[in-house]
Structures are given as structure tokens and as C-alpha cells.
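I have placed the structure first, in the form of C-alpha cells, so that the comments after it can refer back to it.
The values are calculated or read from the model by the stated rules, or taken from the named source; none is laboratory data. The structure displayed is predicted, hence computed values, not measured ones. Neighbour counts are summed over all protein chains in view; Cβ atoms, including those assigned to glycine, are modelled from backbone coordinates with ideal geometry. For the accessible areas, the whole protein counts, side chains as well, though only heavy atoms, and no ligand, DNA or RNA atoms are used. Shrake-Rupley method; radii C 1.70, N 1.55, O 1.52, S 1.80 Å.
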Amino acid sequence: MSFARLVLVVMAKDLRAELRTKEALNASLAFAVVILVLLSFVIESDDVPQKALGNLLWLVFAFAGTLVLNRSFAREVPNDCLDALVAAPISGAALFLGKALASFLLVLAMELVALPVFGIFYNVRWAQQFWPLMLVTVLGTWGVTVIGTVFSALTVNIRLREVMLPMLTYPMLLPALLGAMELTGDLVTGTPIGPDTVTWLKLLVGFDVLFTAASVTLIEFILVG
Amino acid sequence: MNAVAVEGVWKFYGDFPALRDVNLEAASGACLALIGRNGAGKTTLLRAIAGFSKTGKGVIKILGTSPREPATRRNIGFIGHGIAVYDELSARENLTLYARLYGLPDPRQTAIEWLERTGLERVRDGLVREFSRGMRQRLAVARAFLHKPSVLLLDEPFTALDDRAIAVLQSLLRDSLAEGRTIVLSTHQLREALELASDVALLVRGQVAFHGPCTPEMVADPGLVYRRHGEG
Amino acid sequence: MRDKILYVLGALAILILARDLYVIAGLPQEAAQGAIFKIIFFHVPAAWTAIVAAITALTMSVQFLRTKDFKYDAAAVAVTEVGLAFLAANLVTGSIWARVIWGIWWTWDVRLTSALVCWLLYAGYLMLRHAIEEPTQRATFAAVFSILAFLDVPIVYFSIRWFRTQHPAPVFLSSNGSFPADWTRVLLSNWLGLLLLAIVMTAIRLRQEESQREIDSLRRAAHAM
């Protein structure tokens with residue numbers, strides 16, 4: 001079976017298992033809303049520039065996204081399912097990409113619900129640059145997902161996994177978050193991507209490509225040593 | 001050619017050798033029973049044969065190739081301590097998933113066939129988390145057999161099985177041997193294992209203390225190998 | 001033999017550092033900043049030493065994944081710990097300098113921020129190691145993490161630099177000034193001293209790690225009895 005079909009089989013499996021309980025997705029969404037509410041006490045909407053609100057949005061995405069990513073490889077732990085996946089004739093790369101894609105879609109779903117909520121709470125007309133904003137969201141989310149998925153595999157057997165994962169991911173994610181924050185801050189206030197911000201777009205693409213390639217290369221070591 | 005060949009294998013946890021210079025082989029159609037105390041290295045050896053972990057030294061070959069080759073993995077069936085099916089998916093979804101991963105031509109049909117063979121067709125759309133223990137185990141057996149592997153690796157297959165699951169498994173194993181497939185199984189339950197086994201290997205502290213054909217006197221007196229070759 | 005080499009290297013390091021200290025004390029004070037400027041002779045070489053440590057950690061991690069030889073794993077953890085200590089020295093000296101010159105302990109300056117993020121990144125490496133019990137898995141996962149962290153370092157630095165060019169931090173000191181040639185010589189000599197010190201520390205830590213591994217394997221052997 002072709003590589004792409006195996007990726008899709010793994011992705012569909014993860015999505016189906018998650019959507020049946022919606023545990024991670026609901027928790028992540030609820031958490032996103034809670035942070036958005038809490039932030040309102042920190043920021044008085046009137047004197048904070050809307051650009052800064054756009055930056056904060058990525059903190060919400062990163063924090064809430066971790067709840068989804070925590071589950072990625074943890075899902076394989078009960079019943080030793082990971083053994084059966086490693087035993088199956090599927091490459092580590094296909095397994096990794098399938099799981100990453102599933103998490104990516106779940107995090108993206110959370111973000112697409114959180115965005116309008118954010119717009120309403122903070123009175124931001126966020127959709128003025130809709131498609132560029134979607135592009136940035138997709139690129140930023142893929143960066144978060146790739147790092148989150150590979151670290152989810154690294155921390156799969158650890159007792160304090162839920163605590164460990166954010167500590168490991170956020171410093172690593174900093175460049176991608178910075179880029180996404182800068183671009184989103186501009187885009188939600190209606191400023192298009194210009195010559196001085198296109199660097200961030202390049203950074204995001206570079207980050208995504210580099211870490212996807214590195215993860216796919218290293219995943220066999222994580223799975224079989 | 002041997003179906004399973006383990007040549008001079010060492011496996012280390014840090015500096016501690018969990019397997020020391022293990023040499024074993026199982027011919028096609030043979031059933032090799034790995035016996036030994038807890039911590040003797042049975043699980044470590046089976047996992048290394050299945051290709052779950054790399055060995056420190058030595059070579060493992062399944063049907064003449066490395067167990068990490070995708071083509072080889074298609075021929076291996078593994079049952080470990082966990083049932084390796086997903087609680088949030090139904091029995092049919094689980095089997096269809098594995099049929100797809102193994103690239104079988106008709107995943108849905110294969111899943112239904114195996115649900116019938118393991119007596120689970122009535123609950124095929126029930127979620128695994130609602131299953132009883134015995135049903136879960138039969139599903140695990142179906143999961144490991146559905147791609148018709150020519151080499152079966154079973155880690156303590158009879159432990160924690162209920163009577164019906166043991167019956168299902170034993171009849172499948174007998175059929176498999178009759179069809180010329182190879183079985184390597186680890187167990188403490190000597191009686192169940194020795195009835196099936198054609199060969200026996202005793203592991204003591206990561207080393208092979210005895211490796212030879214299973215004789216009728218061993219079947220009659222399962223403790224014999226331990227007394228003769230073990231640590232008493 | 002190994003002991004003797006270590007003693008010689010250690011003595012040499014102390015000698016060089018003591019001599020440099022004497023030379024540095026004798027240097028004239030910098031016109032604008034006074035005596036505190038001389039902290040640069042420790043601040044900068046400490047950062048360079050940390051960079052050398054990071055490169056060594058990467059090499060050792062790659063070697064471990066290739067050979068599965070635990071001596072590389074021990075070397076990787078030893079050199080990472082020492083590198084973190086030197087990076088901490090760099091951060092602390094930088095902070096002291098900032099307090100005297102700028103009147104603040106911390107500023108989100110490009111280099112300070114990058115250094116702090118890198119420190120957190122590599123602290124994650126130690127946390128990950130600490131949490132994994134099984135030695136082979138610990139070594140493999142840590143090596144993968146180390147490689148990912150090293151890839152991230154330049155991206156972190158450049159992303160923070162771009163961020164700062166768009167949001168200029170308060171720059172209190174614009175002129176780089178000219179660094180006299182004989183000062184450069186002292187700087188390099190002090191770096192040599194610190195590098196030797198780092199090598200000795202790494203070697204000691206390495207030996208500890210090897211003893212620890214021996215103890216662990218003896219314990220496992222005892223359990224197996």
C-alpha cells in the first residue's frame with residue numbers, strides 16, 4: 001500500500017478514536033475559552049493595542065493545543081497498541097505523519113472555534129484579512145503539531161507526561177510562535193503581510209519544513225531504538 | 001532455511017546484558033516454546049525477534065531477512081502482554097484498521113471473516129471498552145492472525161486468557177502448525193505450551209541453558225527441563 | 001594515566017585563569033563604563049564555551065544514535081551539563097553588568113533572551129533524561145532531543161533578532177567602541193582557561209556518569225539473581 005494511504009489510515013484511526021470520546025478536543029476548547037476569559041482581566045481592551053491581542057491569541061492556541069498533543073502518542077499506551085503499530089508493515093515516517101495530521105486537524109478545529117470567540121470577547125474584527133490569516137494559522141499550527149507530536153512520542157512512557165510536554169515544547173517552539181504572533185497581530189488588525197513582515201512567513205515555512213524533515217528522520221530511533 | 005534464526009544475540013539495558021549470546025532457531029512448521037523464570041529474558045528475546053528493539057550484537061533473521069524489513073513484518077504476527085486494540089473503536093473498526101495497515105486486499109471482508117472465526121460477529125459494532133475480558137482477548141487473537149502471518153510470536157499467550165479464548169487460540173495454533181507456519185511462544189504454563197511444542201528452549205539469566213526437541217517425557221513431566229538444566 | 005592528564009589540565013586552567021585575573025586587574029578602566037566592563041573577559045568566553053559544549057553534545061548524540069555505544073551518551077550528558085553551567089555563568093555575569101550599567105537586572109535584549117531560551121531548551125534535555133528509567137531508551141530519546149534542540153538554536157537566535165529589529169529594545173549603549181588588540185589577547189587567553197576548566201569538569205562528570213551506569217547494571221544483575 002502506498003505511503004500516502006497508510007498516512008491516511010493512521011490519521012483516520014486517530015481522528016475516529018478522538019471524535020468518539022472528544023475528550024481532548026473538548027478539554028482543549030474549554031481551556032481556550034477559559035484563558036480567553038482570564039486574559040480579559042489582565043487586559044483592559046481599550047488601552048491595549050489590538051495587535052497585542054492578536055499576539056496573545058497564539059499563547060491561547062499553544063496552551064490549549066498542548067492538551068490535544070498530549071494525547072497523540074499517549075493514545076497508544078493502553079493495551080500496548082504502539083507495539084502492534086510498530087509490528088505492522090508501516091514505516092515510522094508514515095505513522096508519525098498520520099498521527100501529526102490527526103492532531104493538526106484537531107488543534108485547527110479548536111482554533112477555528114476560538115477565533116470568533118476571541119473576536120467577540122475583545123471586539124476585534126479579525127476576518128478582514130481572512131485568507132492570509134488562515135495561511136498563518138495553518139503554518140503556525142503545523143509547527144506546533146510537529147514539535148508536539150515528536151515530543152509526545154519522546155515522553156510517552158514518562159509518569160509526569162502532562163507536565164513534561166509543555167516544558168519541553170514551548171522553548172523549542174519559540175521561533176514559530178514568534179513568527180505566528182507577529183503576523184497574526186498585523187492580520188487581525190487588517191494590516192496585510194508586507195515586505196517587512198514576509199520574513200516571518202519565510203521563518204514559519206522554514207521552521208515547519210526543517211522540523212518535519214528532522215522528525216521524520218529521527219522517528220525510527222524513537223520507535224525502535 | 002530456518003523460519004526464525006537468532007545468531008549470537010546480545011541485548012543490553014545500559015551495561016546489563018539481558019540477553020547473552022543467544023543462539024536459537026526454529027524451522028518452518030516448528031513450534032518453539034521459550035521457557036524460563038521471570039526476568040530470564042523471554043519477553044526481551046521475543047520483542048527483539050519481532051523487531052521492536054534493536055539488539056546490541058548479533059543477527060536476527062525471519063525467513064532469511066531482518067525483522068525490520070516491511071516485507072518481513074507482513075509475515076509476522078505478534079501477541080504481547082497488551083491486547084493491542086483500541087478501546088474507543090468497535091471490534092470491526094479495529095480489525096479493519098489492522099487489515100488496512102497490512103495492505104490486505106479486502107479489509108472489511110477480512111474483518112468480518114475473523115469476527116466470525118473468533119465468535120465476535122454478534123458484537124462486531126460494539127466498542128471494545130464495553131467488552132468482557134474474554135471477548136477482548138479473542139479480538140486480540142483475531143488481530144494477530146488476520147494477515148495470515150507465517151511466523152507467530154506469542155508472549156505468554158495463555159496467561160490471563162479465559163477458557164474460551166484458550167480454546168480459540170489453541171485451535172488456531174494447531175491449524176497454523178498444520179499449515180506449516182512457525183510459532184515461537186514464551187510461557188510459564190508449561191503444560192499448555194509443551195503439548196503444542198516441537199522444540200523447547202530454556203533461558204536462564206539471559207542465556208540459553210537448553211535447546212532441543214520436545215520429548216514425550218517432557219510433556220509427561222513439565223518440570224523436567226527446569227530440574228535438569230535450570231538452577232534447581 | 002587519565003587522572004594525571006586531568007590534574008595537569010586542571011592545574012593549567014587555574015594557572016591561566018589566575019594569571020589572566022592579574023592581567024585584567026592591571027588593565028586600565030574602560031572610559032565610559034569603568035571597572036565593571038572587565039566582566040566581559042568572563043561573560044563572553046563563557047558563552048563561547050557553552051557554544052562549543054552544544055556542538056560537542058550534538059556530535060556525541062549523533063554518534064550515540066549511530067553506534068549505540070553508551071560512552072557517547074555519557075559524554076553527551078556530561079558536556080550538556082557543563083555547557084549549561086557556563087551558559088548560566090554567562091547569564092549571571094550579563095545580568096550583573098546590566099545592573100551596574102543600565103540599573104536593571106534584566107532586559108529583553110537579543111543575546112540575553114536567546115541565551116535564556118537556549119538554557120531552558122537544554123534544561124529540558126536534563127529533565128527528559130531524569131524522567132526516563134530504562135537506560136537504552138533514555139539515551140536514545142535524549143540524543144534525539146539534543147539533535148532537535150541544536151537545530152533550534154540558530155532559529156531561536158535569528159527569530160529573536162528579527163523580533164528586536166522590529167521592536168527596538170532600549171539601547172543604552174550604542175557605540176561598540178574599539179577593543180584594543182592586547183585586550184583581545186587577554187579575552188582569548190581567558191577563553192582558553194575556561195575551556196580547559198570545562199574539559200576537566202566534563203571529564204569528572206563523565207566518570208561519575210560511567211560509575212552510575214555500572215551501579216545501575218549491577219543493581220539490575222542483583223535483581224535478576
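Take A:F61 and tell me if it is under 30 Å from A:L6 (Cα atoms), of a type in the set (F, W, Y) and within 14 Å of another protein chain (Cβ to nearest Cβ).
Taking the combined requirement at face value, the residue does not satisfy it.
Residue by residue through the range B:213-232, note down the ones that are at pLDDT 80 or above and closer than 24 Å to B:R47 by Cβ.
Correct list: B:C214, B:V225, B:Y226, B:H229.
Go over the candidates B:L24, B:L34, B:L19 one by one and state the one that is in contact with a Lys or Arg (Cβ under 9 Å, 6 or more places away or on another chain), at pLDDT 90 or above and over 22 Å from B:L172 (Cα atoms). Let's see the steps before the verdict.
On the way: B:L24 fails: in contact with a Lys or Arg (Cβ under 9 Å, 6 or more places away or on another chain); B:L34 fails: over 22 Å from B:L172 (Cα atoms).
Of the residues listed, the single one that is in contact with a Lys or Arg (Cβ under 9 Å, 6 or more places away or on another chain), at pLDDT 90 or above and over 22 Å from B:L172 (Cα atoms) is B:L19.
Scan the range B:141-156 for residues that are assigned to a loop (DSSP other than H, G, I, E, B), on the phi < 0 side of the Ramachandran plot and open to solvent by 10 Å² or more (accessible area, probe 1.4 Å) and report the count.
Total satisfying the criteria: 2.
Looking at the range B:40-79 only, could you name the residues that are touching a Gly at 6+ places or on another chain (Cβ under 6 Å) and without any contact (Cβ under 8 Å) to a residue 24 or more places away in the chain?
Step one: of the range B:40-79, the residues touching a Gly at 6+ places or on another chain (Cβ under 6 Å) are B:41-42, B:53-54, B:58, B:67-68.
Those that are touching a Gly at 6+ places or on another chain (Cβ under 6 Å) and without any contact (Cβ under 8 Å) to a residue 24 or more places away in the chain: B:K54, B:P67, B:R68.
Would you mind telling me which numbered condition in (1) buried (at least 18 other Cβ atoms within 10 Å of the Cβ); (2) over 17 Å from the mean Cα position of the chain (by Cα); (3) in contact (Cβ under 8 Å) with a residue 24 or more places away in the chain A:P132 fails?
Here A:P132 clears every test but (1).
For the range C:87-110, indicate whether the set of residues that are within 14 Å of chain B (Cβ to nearest Cβ), open to solvent by less than 50 Å² (accessible area, probe 1.4 Å), at pLDDT below 95 and not in a helix (DSSP H, G or I) is non-empty.
Going through the range C:87-110, the residues within 14 Å of chain B (Cβ to nearest Cβ) turn out to be none.
Taking every residue of the range C:87-110 in turn, none turns out to be within 14 Å of chain B (Cβ to nearest Cβ), open to solvent by less than 50 Å² (accessible area, probe 1.4 Å), at pLDDT below 95 and not in a helix (DSSP H, G or I).
Quick one: count up the residues across the range A:149-170 that are open to solvent by less than 20 Å² (accessible area, probe 1.4 Å) and of a type outside the set (S, T, Y).
Result for the range A:149-170: 9.
Residue-wise test of (1) surrounded by 23 or more Cβ atoms within 10 Å (Cβ to Cβ); (2) within 27 Å of A:A213 (Cβ to Cβ); (3) at pLDDT below 95.
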site	(1), (2), (3)
C:A76	yes, yes, no
C:W119	no, yes, no
C:E133	no, no, yes
C:V144	yes, yes, no
C:P154	no, yes, yes
C:Y157	no, yes, yes
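Can you tell which of A:F73, A:F41 is in contact with a Lys or Arg (Cβ under 9 Å, 6 or more places away or on another chain) and away from every other protein chain (no Cβ under 11 Å)?
A:F73
Do we have any residue at all in the range B:8-17 that's within 14 Å of chain C (Cβ to nearest Cβ), out of contact with any strand residue (DSSP E or B) (no Cβ under 7 Å at 6 or more places or on another chain), under 24 Å from A:L85 (Cα atoms) and part of a helix (DSSP H, G or I)?
Within the range B:8-17 (the criterion being within 14 Å of chain C (Cβ to nearest Cβ), out of contact with any strand residue (DSSP E or B) (no Cβ under 7 Å at 6 or more places or on another chain), under 24 Å from A:L85 (Cα atoms) and part of a helix (DSSP H, G or I)), the answer is no, since none of the residues qualifies.
Hey, can you tell me all the residues within the range C:23-53 that are open to solvent by 20 Å² or more (accessible area, probe 1.4 Å), assigned to a helix (DSSP H, G or I) and not β-branched (V, I, T)?
C:A25, C:G26, C:A35, C:F37, C:K38, C:F42, C:H43, C:A47, C:W48
Run down A:L106, A:L112 and say which single residue is in a helix (DSSP H, G or I), open to solvent by 20 Å² or more (accessible area, probe 1.4 Å) and either farther than 30 Å from A:L133 by Cβ or more than 10 Å from every other protein chain (Cβ to nearest Cβ) (or both).
Criteria check complete, one pass: A:L112.
Does C:A46 fit the bill of being farther than 22 Å from C:G94 by Cβ, small (G, A, S), touching a Ser or Thr at 6+ places or on another chain (Cβ under 9 Å) and modelled with pLDDT of 90 or more?
In short, no.
List, please: which pairs have Cβ atoms under 7 Å, are six or more places apart or on different chains, and start with a residue in the range B:19-39 that is away from every other protein chain (no Cβ under 14 Å) and end with one that is of a type in the set (F, W, Y) and open to solvent by 10 Å² or more (accessible area, probe 1.4 Å)?
What qualifies is B:D21/B:W10.
Search the range A:187-200 for residues being in a helix (DSSP H, G or I) and either open to solvent by 30 Å² or more (accessible area, probe 1.4 Å) or basic (K, R) (or both), and hand back the single one that is farthest from the other protein chains (Cβ to nearest Cβ).
A:V198
Looking at (1) away from chain B (no Cβ under 14 Å); (2) modelled with pLDDT of 90 or more; (3) crowded, with 23+ Cβ neighbours inside 10 Å, which is the one condition that is false for A:L53?
(2)
Restrict the check to the range C:135-144 and report whether at least one residue is assigned to a helix (DSSP H, G or I) and within 19 Å of the chain's Cα centre (by Cα). Spell out how you get there, then give the answer.
We begin by selecting, within the range C:135-144, every residue assigned to a helix (DSSP H, G or I); these are C:135-144.
Narrowing further to those that are within 19 Å of the chain's Cα centre (by Cα): C:142-143.
Looking for residues that are assigned to a helix (DSSP H, G or I) and within 19 Å of the chain's Cα centre (by Cα), one finds at least one in the range C:135-144, hence yes.
Go through the range C:54-67 and count every residue that is surrounded by fewer than 18 Cβ atoms within 10 Å (Cβ to Cβ) and either modelled with pLDDT of 95 or more or not in a helix (DSSP H, G or I) (or both).
From the range C:54-67, those surrounded by fewer than 18 Cβ atoms within 10 Å (Cβ to Cβ) are C:55, C:59, C:62-63, C:66-67; that's our starting set.
Retained after the next criterion (residues that are either modelled with pLDDT of 95 or more or not in a helix (DSSP H, G or I) (or both)): C:55, C:59, C:62-63.
The number of residues fulfilling the criteria is 4.
From the list C:S217, C:S189, which one is in contact with a strand residue (DSSP E or B) (Cβ under 9 Å, 6 or more places away or on another chain), assigned to a helix (DSSP H, G or I) and either surrounded by 14 or more Cβ atoms within 10 Å (Cβ to Cβ) or among the hydroxyl-bearing types (S, T, Y) (or both)?
Of C:S217, C:S189, the one residue that is in contact with a strand residue (DSSP E or B) (Cβ under 9 Å, 6 or more places away or on another chain), assigned to a helix (DSSP H, G or I) and either surrounded by 14 or more Cβ atoms within 10 Å (Cβ to Cβ) or among the hydroxyl-bearing types (S, T, Y) (or both) is C:S217.
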